[in-house]
Structure formats: structure tokens, C-alpha cells
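A short reminder: the numbers here are calculations on the coordinates, not readings from a lab. The shown structure was predicted, so the numbers you read here are calculated from the model rather than taken from an experiment. Note that each Cβ is placed from the backbone with ideal geometry, even for glycine, and that neighbours are counted across all protein chains shown.
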């Protein structure tokens with residue numbers, strides 16, 4: 001659907017952004033994003049996407065709200081404790097943007113639902129705390145040739161990269177196996193989660209609207225203790241079985 005006068009009024013200030021304009025806003029309205037695990041990372045990310053005027057969000061998150069969620073999961077509220085997280089996510093986002101289309105799945109990503117969830121999206125935001133889920137999403141995005149923005153944090157650090165199948169290394173190039181000893185629960189401040197969420201949202205908005213420079217074949221590392229940002233180049237891993245599902249062009253072979 002074309003932008004309405006109401007859309008132009010709501011998004012006026014971001015339409016003023018150089019190289020974005022009405023054409024970029026139209027592209028956002030025409031786009032669908034999948035956000036997996038709409039918690040401390042995925043919640044602020046989904047909020048930023050909804051506020052920016054994305055046309056549709058697919059949200060996947062299982063379980064009920066707990067007290068320990070409330071320091072960082074901004075789409076959850078105290079009266080939501082003991083109730084499904086996904087219901088509060090939908091309610092809060094619809095309050096923010098009643099024009100957005102939201103599809104919810106009250107489950108985390110699994111082998112059984114990953115193909116369906118990814119197939120409905122133009123872009124995927126991976127916010128899962130477990131490497132098993134992240135690598136599963138990575139594999140399915142490569143198989144379906146869907147761009148993936150992978151964001152993660154631990155304690156006071158975060159990292160971010162954008163994966164475009166057939167053009168960049170995939171997450172399995174960085175992490176061929178699940179790191180030993182990794183747990184779902186770990187120390188983190190909500191402000192660190194929100195920082196990484198908004199950086200990931202910016203990556204996705206740039207990708208969808210077609211402007212700016214992306215973190216493709218680069219890993220952004222953020223240290224909140226020192227407020228230090230650095231980027232490191234990442235390369236395809238020789239023999240990566242996931243990349244083989246969508247091979248890189250011959251002139252982008254392994255170093």
C-alpha cells in the first residue's frame with residue numbers, strides 16, 4: 001500500500017534523512033521482519049522497527065513473563081508476570097503503532113517451525129540467547145536466501161553482524177560449533193541490551209530501505225565499560241557446510 005498523508009505526517013522527521021526519503025519509508029511499509037526472542041534484545045529492537053513504520057512484524061517467543069525479565073524486557077510489565085510474554089509484546093507494540101500488522105508465535109525457534117517463520121519474512125533479526133537457536137536460524141536463512149542481522153551481548157559487551165547469503169560469511173563461519181559452557185542466563189544490564197537492539201534495528205532499516213553502509217563481512221564489537229566500538233573483518237570459513245547451501249561467487253572465494 002502506498003504511503004498515506006497520515007504516514008507522511010508521522011514519519012516526517014525520518015523522511016528528512018538524507019538518502020532515505022519517501023522511497024525509503026515506502027520500502028519499510030512494504031517489508032516484513034521476523035524477530036526471534038522478543039526479550040531484552042528483541043523487545044527494544046521490535047519497538048524500534050514498529051516506531052519506524054515497518055509494515056509487518058513476525059514475533060516468536062515462548063514462555064511466561066518472570067520477575068527477572070523486568071529489568072530489561074521493555075515490552076513486559078509487572079502485571080504481566082506469569083502470563084505469556086508474546087501477548088504483552090503484541091499489546092505494547094500495537095499501542096505504539098496501531099497501523100502495523102503483527103503475527104505472533106508463542107514458541108521459540110525450533111526445527112519444526114523455523115522454515116515457516118523464516119519464509120514469511122523479508123529480513124530476520126536473531127535475538128536468541130542460545131547458540132543452538134542462532135545457528136538454526138542462520139542455516140535456514142542461508143537456505144532461503146534471507147538476510148539475517150545477528151546481534152548478541154554478554155555482561156557489558158555486544159557484537160553485531162549482517163549476513164547476506166551468497167555474499168557474506170555466515171554465522172557458522174564464526175561459530176562452527178556451540179561454544180562449550182554457554183548458558184541461557186548470563187549477566188547483562190538492560191541498557192547494554194537496548195544499545196545492541198537499536199544498532200541491530202539500524203542495520204535492518206538501512207538494508208530494507210537501501211541506504212548507508214552495512215556490517216557485511218564485518219563484526220562490530222562494543223565494550224560498554226570503555227564505550228569502545230571496533231570493527232573486524234570476517235571471512236568465509238573453508239568447507240563451511242552452511243555456506244555450501246548458497247555458495248559465494250567464485251571471485252569471493254576463501255582467502
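With contributions of -39500 (n - 2.57) from each DSSP H run of at least four residues, the per-residue ellipticity at 222 nm computed over the chain stands at -9500 deg cm²/dmol. Bridges between two residues of region 33-131, per DSSP, are antiparallel at a rate of about 5%. Label separation (residue 115 vs residue 227): 4.9 nm, computed from points 7 Å beyond Cα along the C-beta direction. Annotation: the residues 156, 1, sorted from fewest to most other C-beta atoms within 10 Å of their own C-beta, follow the order 1, 156. The length gained by stretching the chain between residue 244 and residue 130 to full extension, at 0.36 nm per residue less their Cα-Cα distance, is 38.7 nm. What residue among 116, 225, 99 shows peak mean-square fluctuation when the chain is described by a Gaussian network model with Cα springs under 10 Å? Per the Cα network of the chain with a 10 Å cutoff, 225 tops the list.
Please state, as a whole number in µm²/s, the translational diffusion coefficient that the Stokes-Einstein equation yields for region 151-249 at 25 °C and 0.890 mPa s, with Rh defined as the Kirkwood radius across alpha carbon pairs.
Stokes-Einstein gives a translational diffusion coefficient of 166 µm²/s.
Highest GNM mean-square fluctuation, the chain, Cα pairs closer than 10 Å: which of 69, 228, 87? Sorting by GNM fluctuation, first place goes to 228. Under a 10 Å cutoff between Cα atoms, tell me which one of 137, 220, 28 has the largest fluctuation in the Gaussian network model of the chain. In the Gaussian network model the winner is 220. The length gained on full extension between residue 30 and residue 70, counted as 0.36 nm times the residue separation minus their Cα-Cα distance, comes to 11.1 nm.
Computed FRET efficiency, Cβ-Cβ of residue 175 and residue 1, R0 51 Å: what is it to the nearest 0.05? If you can, show how the numbers build up before the last one.
Details: r = 40 Å, r/R0 = 0.78.
My answer for the efficiency is 0.80.
For region 31-252, the antiparallel share of DSSP beta bridges with both residues in that region comes to about 45%.
Please report how far the C-alpha centroid of region 48-106 lies from that of region 155-208, rounded to the nearest whole angstrom. Comparing the Cα centres of region 48-106 and region 155-208, I get a distance of 20 Å.
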